[in-house]
Amino acid sequence: MTACFLVGYIFLFATSIIGLVEGIIYLTRSDEEFYNTYMIRKKAWF
């Protein structure tokens, strides 16, 4: 039972870090670079 909570917290922590890093990447791109990467080249999200 405790191992389930531990594994759950590890996954929660890992996904929050990934989300934070992705958010910083998206927010620091210029509008032109964002448009070229995700709209024209249709790059998939993380």
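The values are calculated or read from the model by the stated rules, or taken from the named source; none is laboratory data. The model shown is predicted, which means the values in this text are computed figures rather than measured ones. Glycine also receives a Cβ, built like all others from the backbone with ideal geometry; neighbour counts cover every protein chain displayed. Remember, those area values only see protein heavy atoms, side chains included, never the ligands or the DNA or RNA. Shrake-Rupley method; radii C 1.70, N 1.55, O 1.52, S 1.80 Å.
Shape descriptor for the chain: Rg over Rh equals 1.25 (Cα atoms; Rh from the Kirkwood inverse mean 1/r). Note that the chain presents 93 Å² accessible area per residue, ligands and nucleic acids not counted, probe 1.4 Å. With the charge dipole of the chain set up from +1 on Lys and Arg Cβ and -1 on Asp and Glu Cβ about the Cα centre, the Cα lying farthest toward the positive end among the listed residues THR28, ALA44, TYR9 is that of ALA44. Sparse packing (at most 11 other Cβ atoms within 10 Å of the Cβ) combined with a DSSP loop state is found for the following trypsin sites (Lys or Arg not before Pro) in the chain: ARG41, LYS42, LYS43.
For the pair THR2 and THR15, label points projected 7 Å from Cα toward Cβ lie 2.5 nm apart. In a simple Cβ point-charge model (Lys, Arg +1; Asp, Glu -1; nothing else charged), the chain has a dipole of about 160 debye relative to its Cα centre.
Rounded to the nearest 10 degrees, the inclination of helix 2-28 to the longest alpha-carbon principal axis of the chain is 10 degrees.
Ignoring ligands, DNA and RNA, please state the percent of accessible area on the chain from carbon and sulfur, probe 1.4 Å.
Roughly 73 percent, rounded to a whole number.
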